[in-house]
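Just so it is clear, none of the values below were taken in a lab; they were calculated from the coordinates. Not measured: the values here are computed from a predicted model. No Cβ is skipped: glycine too gets one built from the backbone with ideal geometry, and neighbour counts run over all protein chains shown.
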């Protein structure tokens, strides 16, 4: 807060609402969260939340946006994915880095929880993944089966996240990054550039 | 119902309560489900539900039990997992068969939803998987890294289920069983018997 006690600026307020929304959705789920509760957590008037974001569904879409842009982050990771390349390992390391960061893990968990629970949230995630993640794979990999390859990679990564960070099943929950890279790296690399048996 | 209008027997009542519980948990989640609602859905007195299953948590544990016993189903699938074996493919086909069956998919979805949402349910699932599934792997595979191998397999299968049956991401959601076997079979086989890079 500034010395004069002025209200925070537009950008600060918007960010405060987004942060509060993420916390509320993560804690109470989509149905259990109200605009009123988010406004209270952000210390603003509910009307202001509506003003910035419209309906709860729009605020949710804004709140679950990842802390990075896949269309910026992915291309350098996917580049030059030729035989013997380590793009699989690089993507895995980035993915583990996201989940090992407390704040990011909370956001990702909120996304997973909502998608598993609500058809509308699953549809939202499906649209986001198709446009932002798979679309980037398609533009970067430039093979006719890039969409399928992207979803194969995604299916292994989300399964790893659920097993390790949600169900916390041993020994996967406590395996070292090196062990995970040794086990999953070749899988992801094959999904990216190897023979997946489909013509 | 018998001609004389007798109440159904003990086994029928128990089964009716379990079926109702599965429906209620699947639709309303763990917190949103009451013993009273389950009793109403089963057409019995709430006291009878308590009598058969005790607390809600115990009823939940009974309700989410899989429609088969991993310790009976898995060993024949895992047997003789030598080089070039197709245990990976066989496990995948069994898994897809479960998810492609409407009633079973509903049960499995309820388990996944609860585990992703509630730490208590995740702990319950963790215990179940460790005892029943991973335990069976350990007894059947008989290698020192059987536990890790079991969780690697599980992480790919759960990720496939989430991507295909929950998020329904194309083209994975509509891929044929043959395509899935071609893509995932080698992954699962490597996790079971191949080099996973860990000593």
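Once you average over the residues of B:144-155, how many Cβ atoms of partner chains fall within 10 Å of each Cβ?
Partner Cβ neighbours, averaged per residue: 5.
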### Query
How far is residue A:170 from the same spot in each other copy, in nm, shortest first, if each label point sits 7 Å from Cα toward Cβ?
4.5
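How many partner chain Cβ atoms sit within 10 Å of a residue's Cβ in peptide A:182-189, on average, as a whole number? Before the final figure, lay out the partial values.
Working: counts 5, 12, 7, 1, 6, 10, 1, 0.
Average per residue, whole number: 5.
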## Note on the structure
Computed from the beta carbon distance with a Förster radius of 51 Å, FRET efficiency for residue B:40 and residue B:195 to the nearest 0.05 stands at 0.40
### Angle between chain B longest axis and helix B:146-161 axis [Cα atoms, degrees, rounded to 10]
70
### Query
What nm value, rounded to one decimal, do you get for the distance between residue A:145 and residue B:48 when each label is placed 7 Å out toward the C-beta?
5.5
### Query
Name the chain B residue with the Cβ nearest the axis that maps B onto A: which is it, and what is the distance in angstrom?
B:159, 1
### Task
Please state, rounded to one decimal and in Å, the Kirkwood hydrodynamic radius that chain B gives when every pair of distinct Cα atoms enters the mean of 1/r.
18.6
### Query
For region A:79-174, rounded, prolate or oblate, judged on the Cα gyration tensor with a ≥ b ≥ c (square roots of eigenvalues), a/c < 1.5 rounded, else prolate if a/b > b/c?
oblate
### Query
At what distance in nm do the modelled label points of residue B:79 and residue A:69 sit from each other, each positioned 7 Å from its Cα along Cα→Cβ?
5.7
### Query
Rounded, prolate or oblate: which one fits the protein assembly as shown, using the alpha carbon gyration tensor with axes a ≥ b ≥ c (rounded when a/c is under 1.5, else prolate when a/b beats b/c, else oblate)?
oblate
### Task
May I ask you to report, in nm to one decimal and beginning with the shortest, the distances from residue B:12 to the same position in the other copies, taking label points 7 Å along Cα-to-Cβ?
7.0
#### Entry: Crossing angle, helix B:177-193 versus chain B [Cα axis fit, 0-90 degrees, rounded to tens]
70
## Note on the structure
With the label set 7 Å along Cα→Cβ, residue B:79 is separated from its counterparts in the other copies, in nm and shortest first, by 5.3
#### Entry: For residues of A:168-175, the mean tally of beta carbons on other chains within 10 Å
6
